[in-house]
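Read-outs throughout are calculated quantities, based only on the coordinates presented, and are distinct from any laboratory measurement. Since this is a predicted model, take the numbers as computed values, not measurements. Methodologically, a virtual Cβ is constructed for each residue, glycine included, from the backbone with ideal geometry; neighbour enumeration extends over all protein chains shown.
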Amino acid sequence: MLTRIKTLGHRLLIPGETLRHRVIHAGFWAFALRIADRLFGLARTIILARLLSPEDFGLFGIATLALSALEAFSQIGFQAALIQKKGDVKPYLDTAWTVQVLRGFALAGILAASAPVVAGFFNEPRAAMLLRVLALSELARGFTNIGVVFFQKELEFHKQFVYMLSGTLADLSVSILLALLLRNAWALAYGLLASSAVRVIFSFFVCSFRPKLQLELNKARELSFFGRWIFASNILVFLLNHADDVLVGKLLGATALGFYQMAYGISNLPATEITHVISQVTFPAYSKLQDRLSQLRQAYLQTLQVTALLSFPIAAAIAFLAPAFSRIFLGEQWMPMVPAMQILAIWGLSRSIAATTGPLFSGMGVPRLSTWLQLIKLILMGVFVYPFTVLWGISGTALAVTVSALIVDPISIYVATKILRSRVSCTMRVFLTPAIGGMTMLLSMALLSHLATKALTLGIFLGHVALGGVVYTTTIVMLDRKSVQQLWRLVFK
């Protein structure tokens, strides 16, 4: 395996079109595989939303908030450092894995010990036992084969897909089965535990590297020098992504938290399903191009274009179809979350576009830029979130998150443009065609809704989706045929 990795790494270092084509091609297939993974996740959400109540999702959300907090505040950034680091990283893997195992034990102990405190903070004693189960999940996760870092570093996304999909299928099957039997939040907790355990097992099946317990402090310090900015950025990202959850859970209760987290998750699709895949591909590629500014600039603008072309129609569809989706697929009990979902769809689009800058800053060895920008966004959200939540409930929380993003995310794109020595006009042109296409798509779906006389059905919903997709695709081809053809050649050449 290591021989293949070195050979692939050599190919990736060839200047010119080879790396750019490989990144776009790998990104496309990684995205296609991610779609398969997320279809299972969407099926899980729809089925469980029918079997469980918003309160059950809220209770599980309280438990996962504590888990996410500990993960963020203990994230040392070793994996990102290994991906960004030039040369052979094999001598560092045993040390990184040893630290990862020790971290898993520490997090599991802290979660178990703090369970009553967290449950008391939210006035939900039922969350305490859920937290103890999630502590086992964190313990298991610590033993994940550190060799999986090569899946991203060397763009081996077929292996990444097997590794990730194994956990998704385990979560899907266990959580649905137990939801049918138990009809409570324990189904969600045991599903997460099964997912973590199965992914650990599969990490050793799909990666031949076998780590051993060995701690070399000098290597750990070297990795942590880069990882410290990843650590700081992860804390800020956690606060940005979950401070609103904490506030909703504390002020409005578990049921409101269940509504908000469901709205948040669905509206976040552009950011999680597009930029998650693209950042996996572009971070290692940017790291290899960090000394070649012109090629890096071209690669980033191409990435930004792909992200915009995919994000605009998804965000538009979520905002427009939120009421129909909630009523048809989730049920009437979930309708109170619709206004928040529509507001957060705008946030999902903004976050998706701005998220392209994180891998760029890290790949260029300046992750501190992401940290400072996240800090500014956090301060702004802190100013808005409490008064907005008190005034308008979960819709106010969604508005606070969205407003802070719309202020800071354009600054992130501007900073990326400047460090790449590109023109602002070049960057802005990337958004013109997708924006026009998204507006045309919205108008076509609105016209169909106005003309439809029948009651809302699954067929009418799918008709809106099909019409929107055709109108959007036709619009972008008519407006910018050359760019579409270029992207097509890069993907399928």
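Expressed in nm to one decimal, what extension gain is obtained for the pair Lys418 and Leu169 from 0.36 nm per residue of sequence separation less their Cα-Cα distance? If you can, show how the numbers build up before the last one.
Working: separation 249, 0.36 × 249 = 89.64 nm, distance 4.29 nm.
Stretched fully, the Lys418-Leu169 segment lengthens by 85.4 nm.
Please work out the FRET efficiency for the pair Ile47 and Ala452, using the Cβ-Cβ distance as r and a Förster radius of 35 Å; give the result to the nearest 0.05.
Details: r = 28 Å, r/R0 = 0.79.
So, using R0 = 35 Å, E works out to roughly 0.80.
Distance in nm between label sites at Leu293 and Met439, each 7 Å beyond Cα in the beta-carbon direction?
Each label point is offset 7 Å from its Cα along the Cβ direction, giving 3.5 nm.
For a quick check of your reading of the filter: which trypsin sites (Lys or Arg not before Pro) in the range 361-451 sit in a DSSP loop and have no more than 16 other Cβ atoms within 10 Å?
Working: sites: Arg368, Lys377, Lys418, Arg421, Arg423, Arg429; in loops: Arg421, Arg423.
Passing sites in the range 361-451 are Arg421, Arg423.
Which order do peptides 212-224, 349-361, 182-194 fall in by mean Cβ count within 10 Å, highest first? Intermediate results must be reported in sequence, preceding the final value.
On the way: 212-224: 13.1, 349-361: 25.2, 182-194: 21.2.
Highest-to-lowest ranking by the protection proxy: 349-361, 182-194, 212-224.
How do Tyr163, Tyr472 rank when sorted from fewest to most other Cβ atoms within 10 Å of their own Cβ? Before the final figure, lay out the partial values.
Numbers: Tyr163 21, Tyr472 25.
Taking fewest neighbouring Cβ atoms as first place, the list is Tyr163, Tyr472.
Classify the range 314-408 from the C-alpha gyration tensor, please: rounded if a/c falls under 1.5, else prolate or oblate depending on whether a/b exceeds b/c. List each step's numbers first, then the result.
Details: a/c = 3.51, a/b = 1.62, b/c = 2.17.
Here the range 314-408 falls in the oblate category.
Compute the distance in nm between two label points, each set 7 Å from the Cα along the Cα-to-Cβ direction, one at Leu391 and one at Ser224.
According to this spin-label approximation, the distance is 4.5 nm.
Aspartates and glutamates near Lys418 by alpha-carbon distance under 15 Å, same-chain residues fewer than 8 away left out - which ones?
Asp409
Grab the beta carbon distance between Ala106 and Thr474, set R0 = 45 Å, and tell me the FRET efficiency rounded to 0.05.
Working: r = 55 Å, r/R0 = 1.21.
That pair, Ala106 with Thr474, gives E of 0.25.
Which order results if Met262, Met341, Met129 are arranged by neighbouring Cβ count within 10 Å, fewest first?
Details: Met262 22, Met341 29, Met129 15.
Fewest-to-most Cβ neighbours within 10 Å comes out as Met129, Met262, Met341.
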